[in-house]
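Heads up, the thing below is written out as structure tokens.
None of the figures in this text is laboratory data; all of them are computed from the coordinates on show. Given the structure is predicted, the values throughout are model-derived calculations rather than measurements. Every residue, glycine as well, gets a Cβ built from its backbone with ideal geometry; the counts of neighbours run over all protein chains shown.
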Amino acid sequence: NAGVTQTPKFQVLKTGQSMTLQCAQDMNHNSMYWYRQDPGMGLRLIYYSASEGTTDKGEVPNGYNVSRLNKREFSLRLESAAPSQTSVYFCASSGPTGSLNEQFFGPGTRLTVL
Amino acid sequence: AQSVAQPEDQVNVAEGNPLTVKCTYSVSGNPYLFWYVQYPNRGLQFLLKYITGDNLVKGSYGFEAEFNKSQTSFHLKKPSALVSDSALYFCAVRDTMDSNYQLIWGAGTKLIIKP
């Protein structure tokens, strides 16, 4: 099992450009999450999907959109990137009883917006 | 409001000594508590969790944590530190009164084990 995979690993954008971060999991998990990690701030939830076909806003959703394409895939889109979105982005998934189960994380995408 | 505090930005321990990484929380209901570790340039890895039952929880790599309801704490411990334990450690909590799936994360504690 590959677990949770993310692409790309690194990305540099100019202000105003758009991009989509891809995430896939092969653990048959229902719940998937997108976080950003900034120094000294821990992880902040951007969006999550409790199950296929549903998405909900997290703590910091502004400037982002998500798509739960199917049970395996959950993408994060930046429509018009801003320097404040420079961060490391992590995708995670968790099992059938999402609130009890630990989350499994991908390796992250390091995004720089110039 | 739910919150998690990791009061130490960094903890320094000599190899072979016991280590403690502190975590306190605030929730409305009962907590589900988690510890994760992050090695440089890697994603987070699950270490252990407390859901219910025995207050002492054992996890991966020889780590354990003790749930203390009266002190609202969930400190991570290991009897004998290894240099390879050097990493960033995160505590997280979910409130059982919260109907969504969100974890509230601490800011992280950098653990440095010196040979």
(request) Quote the charge dipole size of segment B:12-115 about the Cα centre in Debye, to the nearest 20; the model charges only the Cβ of Lys and Arg (+1) and of Asp and Glu (-1). (result) 180 debye
(message) Based only on other Cβ atoms within 10 Å, what is the fewest-to-most ordering of B:ARG94, A:ARG68, B:ARG42?
(response) B:ARG42, A:ARG68, B:ARG94
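To the nearest 20 Debye, how big is the dipole of the protein assembly as shown about its Cα centre, given +1 on the beta carbon of each Lys and Arg and -1 on that of each Asp and Glu? Spell out each step's value before the answer.
On the way: 20 positive and 17 negative charges, 77 e Å.
Using only the charged Cβ atoms, the result is roughly 360 debye.
Give me a single rounded figure for A:39-47: the average over its residues of other chain Cβ atoms within 10 Å of their Cβ. Don't skip to the end; give the middle numbers.
Details: counts 2, 3, 3, 11, 11, 2, 6, 0, 0.
Across A:39-47, the average partner-chain Cβ count within 10 Å equals 4.
Just to confirm a number: summing +1 for Lys and Arg and -1 for Asp and Glu over residues other than A:ASP38 whose beta-carbon lies under 14 angstrom from that of A:ASP38, what do you get? Don't skip to the end; give the middle numbers.
Details: positive: A:ARG36, A:ARG44, A:ARG110; negative: A:GLU59.
Taking every other residue near A:ASP38 into account, the sum is +2.
Antiparallel DSSP bridges in chain A: what percent, to the nearest 5? Don't jump to the answer; show the numbers that get you there.
Working: 34 of 38 bridges.
Counting DSSP beta bridges with both partners in chain A, the antiparallel share is about 90 percent.
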(request) Just grab the label-to-label distance for B:ASN41 and A:SER84, each label 7 Å out from Cα along the Cβ direction, in nm (one decimal). (result) 3.1 nm
(message) Quick check: pseudo-label points 7 Å beyond the Cα along Cα→Cβ at A:THR112 and B:MET97, how many nm apart are they?
(response) 4.5 nm
(message) I need the semi-axes of the equivalent ellipsoid of segment B:8-115: take the C-alpha gyration tensor, multiply each eigenvalue by 5, square-root it, list largest first in whole angstrom.
(response) 24, 15, 11
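For the pair B:ASP9 and A:ARG77, what calculated FRET efficiency results from E = 1/(1 + (r/R0)^6), where r is the Cβ-Cβ distance and R0 = 35 Å, to the nearest 0.05?
Details: r = 33 Å, r/R0 = 0.95.
The pair A:ARG77/B:ASP9 has a calculated efficiency of 0.55.
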(request) Return A:THR55, A:THR109, B:THR20 ranked ascending by Cβ neighbour count within 10 Å, so the fewest neighbours appear first. (result) B:THR20, A:THR55, A:THR109
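What does DSSP give for the protein assembly as shown in terms of the percent of beta bridges that are antiparallel, rounded to the nearest 5? Don't skip to the answer; put the middle values down first.
On the way: 68 of 77 bridges.
Restricted to the protein assembly as shown, the bridges split so that about 90 percent are antiparallel.
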(request) Using θ = phi - 60° and the Karplus relation 6.51 cos²θ - 1.76 cosθ + 1.60, list the HN-Hα couplings for segment B:19-29 in order, rounded to whole Hz, with x at every Gly or Pro. (result) 10, 9, 10, 8, 8, 10, 9, 9, 9, 7, x
(message) Please give the Cα centre distance for segment B:1-56 versus segment B:60-115, rounded to the nearest Å.
(response) 1 Å
(request) Provide the per-residue ³J(HN,Hα) series for segment A:68-80, in order, calculated from phi with Karplus coefficients 6.51, -1.76, 1.60 and θ = phi - 60°, each as a whole number of Hz, with x at glycine and proline positions. (result) 8, 5, 6, 5, 7, 10, 9, 9, 10, 10, 9, 6, 8
(request) Using only the Cα atoms of segment B:65-115, construct the convex hull and provide its projected area averaged over every direction, in square nanometres to one decimal. (result) 4.7 nm²
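For the peptides B:81-93, B:6-18, what is the packing order when you average, over each peptide's residues, the other Cβ atoms within 10 Å and list the highest mean first?
Values: B:81-93: 20.2, B:6-18: 13.4.
Result, highest mean Cβ count within 10 Å first: B:81-93, B:6-18.
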(message) Which lysines, if any, have their Cα less than 19 Å from the Cα of B:LYS110, not counting same-chain residues under 8 positions apart?
(response) B:LYS22, B:LYS77, B:LYS78
(request) Mind checking which aspartates and glutamates have their Cα closer than 14 Å to the Cα of B:LYS114? Skip sequence neighbours fewer than 8 apart in that chain. (result) B:GLU15, B:ASP85
(request) Add +1 for every Lys or Arg and -1 for every Asp or Glu among the other residues with Cβ under 12 Å from the Cβ of B:CYS23, and state the total. (result) 0
